[in-house]
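Q: Encoded as structure tokens, here's the structure I'll be asking about.
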Amino acid sequence: MRRVHTQALSELLFFGTVPGMNKDIRYYLQLWRKRFSQPRAVRWHDGWLENDYCPDCRYCCGPQDSPEPYPMALLPEQLRPQNCEDFYMADSHTAYLDQRGCKACGSSGCRLERRWRPLACGLFPIVPASNGLYLYKTCPAVLLLPLALWLDLGLAVARHLQTLSPKSRQHISLCLTPEKLADSFISLHTAL
Ligand code: SF4
Ligand code: SF4
């Protein structure tokens, strides 16, 4: 299980409260370059993206800087009564996180066993959307590692997603406007 680096998390919480701070892509590039002076590894293993940046980042589990909720679909085998205790739920089979962060994110990181975490958590910063795969731009691993690596990882993720039923594949895929895709994502040119 990945763990939160508490200092890094508190910095993110702090940054999240600075009024008027310009959090465009250059803001994040500067932030991540300062925090990660050496490249770290990201690999696809056993149906999960293992990302060595995560323990000192946790940006995507904590409070989001966008007012829009970020949906994280659950697979049929993950539907259980305690989901409401673990997640903010948009409906009975879709968890989400927002400016409060993810309910499952505790002081030591994610408190859920991997099998109960939304599939999105094991794919991020690769995101299925609009019948393809995209990279979330502001993740440090995206900004600091070569695109060629992500294109290869995208193929591995696409192969994994092909093992899901078409219904589950559709359920986990985000509906994003072309403007949102252009603003926050990089296409991996990989069809689903
Ligand atoms: S933003 Fe990227 S590096 Fe940071 S926790 Fe999320 S996946 Fe890991
Ligand atoms: S379920 Fe766990 S890994 Fe996924 S967003 Fe929530 S805290 Fe992070």
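Q: Say each of LYS137 and LEU79 gets a label point 7 Å from the Cα, pointing the same way as Cα to Cβ; how far apart are those two points in nm?
A: 3.6 nm
Q: When DSSP beta bridges are limited to those with both residues in the chain, what percentage is antiparallel, rounded to the nearest 5?
A: Around 95 percent antiparallel, to the nearest 5.
Q: Also, I was wondering about something else. Could you point to the residue in ALA73, GLY154, THR177 farthest towards the positive end of region 6-191's charge dipole, with +1 and -1 charges on the Cβ of Lys/Arg and Asp/Glu respectively?
A: Going by the charge dipole, the pick is GLY154.
Q: Moving on to the next point. Net charge within 14 Å of ARG100 by Cβ-Cβ distance, Lys/Arg positive one each and Asp/Glu negative one each, not counting ARG100 itself?
A: -3
Q: Using a 7 Å offset from the Cα along the Cα-to-Cβ direction at both LEU149 and ARG35, what is the distance between the two label points in nm, to one decimal?
A: 1.6 nm
Q: Looking at the chain, how many pairs of lysines come closer than 16 Å at the Cα, when each pair is eight or more places apart or spans two chains?
A: 4
Q: Spin-label point model (7 Å from Cα, Cβ direction): what's the ASP65 to SER108 distance in nm?
A: A separation of 3.0 nm, rounded to one decimal place.
Q: A follow-up question, please. Take the eigenvalues of the Cα gyration tensor for the chain, scale each by 5, and report the square roots as semi-axes in whole Å, largest first.
A: Three semi-axes, in Å: 24, 21, 17.
Q: OK, next. Can you run phi through the Karplus equation (6.51, -1.76, 1.60; θ = phi - 60°) for region 144-159 and list ³J(HN,Hα) in whole Hz, with x for Gly and Pro?
A: Per residue, the Karplus-derived 3J(HN,Hα) values read 10, 10, x, 4, 4, 4, 5, 5, 5, 5, x, 5, 5, 5, 4, 4 Hz.
Computed from the coordinates by the stated procedures, all read-outs in this text should not be read as laboratory data. This structure is a prediction, so every number in the text was calculated from the model and none was measured. With ideal geometry, Cβ positions are generated from the backbone for all residues, glycine too; neighbour counts draw on all protein chains shown.
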